[in-house]
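In what follows, a single structure is set out as structure tokens and then discussed.
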Amino acid sequence: MIISDVKHFEQERHLWPAAVARGIDYILNRNLGDAELGRYDLEGDNGHLMYANVQESVTRPREEQIPESHRVYTDIQFLVSGEERLCFYRLNDQSIIVDNKFESHDIAFYESDPDQLETDILLKPGMFAVCFPSDIHRPNCLITESTTNKKIVIKIHKDLLHL
């Protein structure tokens, strides 16, 4: 997982995979924070290599959010407005899938494990987290009270990360 914000983007971008840096560039240079809700194709035919989902969501208690992971796409979760607790932990042999939608939607949901130590990241506007396929993440958790957030999720195909 990578955690950063736009204030440090230029000085850190050389440390990240090129596709991740391009994803942040798309957010900033195409003004996706001001874009209407929906999907925006960025790279590849019909955006199959990289696309952005501009979305609004209401944060909820951690217990109501189901942990998830992906196999094909890496997420850049960029917070435009609001605040969010994003919880994550590493995929491991004890992770139990309760709803496998890898084939149809590149997502699986996991049983919550109270013994699993999750790391909490508190996202404020301009901050982002990069969730790789080995990161089980629980997005859209509230910090103190429920808020409506605007978020951009860039989806990066695994083929772009092997270049």
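Details
- Odd one out for I156 among (1) modelled with pLDDT under 95; (2) surrounded by 20 or more Cβ atoms within 10 Å (Cβ to Cβ): (1)
- Residues (touching a Leu at 6+ places or on another chain (Cβ under 8 Å) and among the hydroxyl-bearing types (S, T, Y)) located in the stretch 31-64: Y40, Y51, T59
- A residue that is surrounded by 15 or more Cβ atoms within 10 Å (Cβ to Cβ), out of contact with any His (no Cβ under 7 Å at 6 or more places or on another chain) and at pLDDT below 95 occurs somewhere in the stretch 57-64.
- Taken over the stretch 15-37, the criterion of being aliphatic (A, V, I, L, M) and more than 16 Å from M50 (Cα to Cα) is satisfied by L15, A35, L37.
- Qualifying residue in the stretch 15-34 (condition: in contact with a Gly (Cβ under 8 Å, 6 or more places away or on another chain), surrounded by 11 or more Cβ atoms within 10 Å (Cβ to Cβ) and under 23 Å from T144 (Cβ atoms)): no
- Among residues of the stretch 8-37 that are touching a residue at least 60 places away in the same chain (Cβ under 8 Å) and part of a helix (DSSP H, G or I), none has a Cβ under 6 angstrom from a residue that is crowded, with 17+ Cβ neighbours inside 10 Å and of a type in the set (K, R) at a sequence gap of 6+ or on a separate chain.
- Filter result for S4 (surrounded by 15 or more Cβ atoms within 10 Å (Cβ to Cβ), hydroxyl-bearing (S, T, Y) and assigned to a loop (DSSP other than H, G, I, E, B)): no
The values are calculated or read from the model by the stated rules, or taken from the named source; none is laboratory data. In this text the structure is predicted, and so the values were computed from the model without any measurement. Don't worry about glycine lacking a Cβ; one is built from the backbone with ideal geometry, like all the others, and counts go over all protein chains shown.
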